[in-house]
Amino acid sequence: MSFPIHRPRRLRRTEALRGLVRETTLSMRSLVYPLFVCPGSKVKDEISSMPGNYRWSLDLLVDECRAVAKLEIPAVILFGIPETKDDVGSGAYDPDGIVQRAVRAVKKALPNLLVICDLCLDEYSSHGHCGLIKNGEVDNDPTLELLARTAITQAEAGADMVAPSDMMDGRVGRIRQELDARGFTATPILAYSAKYASAFYGPFREAADSAPKFGDRKSYQMDPANQREAMREIAMDIEEGADIIMVKPALPYLDILALARRTFDVPLAAYQVSGEFSMIVAAAQAGWIDRERIVMESLTSIKRAGADIILTYFAKEVAQSLRG
């Protein structure tokens, strides 16, 4: 049977009807808010390419996290800007590093707010790459030891979850091994499993001052043309002990998200990255799009594709909209 017996518009007539049959629902409980922490006091430094986002000093970071918790957003993920950088990224695994201090401060003030730590060397290395450099290339295996050390200092500081974003081969297994050996068997790993070498990261690199000083990251982040490889990467991370897997970026890789959802029965995260955020904001500021509708539509598409968890710079804005 077809038209006129079947009329799909019957269930679209009113908001109540549309809501009753809605297949995908956004919730603030599935959002993670990324935050940048920097040295100093009373610092709230707006990131020019990411309007409304800031580098926060520790004292103001805690206040911002209070605002996040009040909106019922369950989690933040922290990125650090250290005072100094070196060729081995020592600020990443310094027990008194900027992120480690931030974790302690936030957990002391807000013990129920989940604090996730991005786990990588790029923000802390003078060369801007995600691992140790040998003969002009990122040296995979020695980097694993520094990532494992970083995970331990983050867990010791009180992090609820660690999130390796480096894309080194074998890093999830090495981190899991070290966490378990040190008694952190309950600390989950959120693995950036399918992280693509994307141009959508541009504004973030300004925010974290993490652009590579030579070359690029194509030798360790994924080729944007590849889909099957992403499934292999995810399968390896799960085998090595990842508790949650992530696809990054989100909107340009909805096919990867959807395929991962169909293939793997584990929690799935997606990162709506800085470039996605900044394009929406810029277009809205120019008057070309309706910001609120585009934000909600883009996040709904990520959820619809299969993401259980969404990391987004729009988290506070969306939570306020959802709360009415």
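What number in nm² do you get for the stretch 101-197 if you take the convex hull of its Cα atoms and divide its surface by four?
6.6 nm²
Computed with every protein chain present, the accessible area of HIS6 is close to 100 Å² [probe 1.4 Å]. Measuring only protein heavy atoms, the 1.4 Å probe finds GLU72 accessible over about 90 Å².
Just to confirm a number: summing +1 for Lys and Arg and -1 for Asp and Glu over residues other than ALA250 whose beta-carbon lies under 11 angstrom from that of ALA250, what do you get? Here the count lands on +1.
Computed from label points 7 Å out along Cα-Cβ, the spacing between LYS44 and MET236 is 4.4 nm.
Using the Cβ of ILE238 as centre and a radius below 14 Å, the other residues enclosed give a net charge of -2, where K and R count +1 and D and E count -1.
For the stretch 217-324, a Kirkwood radius taken over Cα pairs fed into Stokes-Einstein (10 °C, viscosity 1.306 mPa s) yields D = 107 µm²/s. Rg ratio for the stretch 154-275: its Cα radius of gyration over 2.2 N^0.38 Å, N being its residue count, equals 1.07. Mean residue ellipticity, 222 nm, helices only, the chain: the sum of -39500 (n - 2.57) across DSSP H runs of n ≥ 4, divided by residue count and rounded to 500, is -12000 deg cm²/dmol.
For the chain, taking Cα atoms only, Rg and Dmax work out to 20.1, 71 Å respectively. Gyration tensor over the Cα atoms of the stretch 44-143: the corresponding equivalent ellipsoid has semi-axes (square roots of 5 times the eigenvalues, largest first) of 28, 15, 12 Å. Using only alpha-carbon positions in the stretch 34-88, the gyration tensor eigenvalues give semi-axes of 21, 13, 12 Å once each is multiplied by 5 and square-rooted (largest first). Solvent-accessible surface of the chain, taken per residue with a 1.4 Å probe and all protein chains present: 45 Å². Given a 1.4 Å probe and the protein chains as shown, MET296 ends up with an accessible area of around 50 Å². For LYS85, a cut-off of 30 angstrom between C-alpha atoms picks up these lysines, skipping any fewer than 8 places away in its own chain: LYS42, LYS44, LYS107, LYS108, LYS134, LYS195, LYS213, LYS218, LYS248.
Taking only complete DSSP H runs, can you tell me which helices of the chain stretch 20 Å or more along their own long axis by Cα positions and average at least -1.0 on the Kyte-Doolittle scale?
What comes out of the filter, once short or polar helices are dropped, is 140-157, 291-305.
The values are calculated or read from the model by the stated rules, or taken from the named source; none is laboratory data. A quick note: this is a predicted structure, and the numbers were derived from the prediction, not measured. Note that each Cβ is placed from the backbone with ideal geometry, even for glycine, and that neighbours are counted across all protein chains shown. Calculation scope for accessible area: heavy atoms of the full protein, side chains included, ligands and nucleic acids excluded. Shrake-Rupley method; radii C 1.70, N 1.55, O 1.52, S 1.80 Å.
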